[in-house]
1. Given labels modelled 7 Å from the Cα in the Cβ direction, how far is it in nm from Ala94 to Ala63?
2. Starting from the 7 Å offset along Cα-to-Cβ, what nm value, one decimal, do you get for the label separation of Thr83 and Gln46?
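Laboratory data are not the source of any read-out in this text; all were calculated from the coordinates shown. Since this is a predicted model, take the numbers as computed values, not measurements. Positions of Cβ are generated from backbone atoms using ideal geometry, with glycine treated the same way; all protein chains shown enter the neighbour counts.
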Amino acid sequence: MNRTASAALAAVFALSTGAAMAAQSNMPMEKKGETEKCYGVAKAGQNDCKAGAGTSCAGTSKADYQADAWKMVPKGTCTTIKTPNGMGSLTPKA
């Protein structure tokens, strides 16, 4: 194989690997039985999806540990996550 073909093949491989990794990072973490929604633990702009009035989806929460913003966490760990506003919750906080 000549250098040009080798370089082209390497470039195609690198691009396809990068695209696959990018697609995987944008996939929701939610897998039944493995994770759960945990409210009040996301930093501002790091929630996984809808966070109440004024937000539409992932990354739109306005405040750290926003009570109605959730993040996917490993199942069974939510209520053990400590934040400055208290512990994580399996339901939206008031």
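1. 1.6 nm
2. Using points 7 Å along Cα→Cβ, the separation is 1.1 nm.
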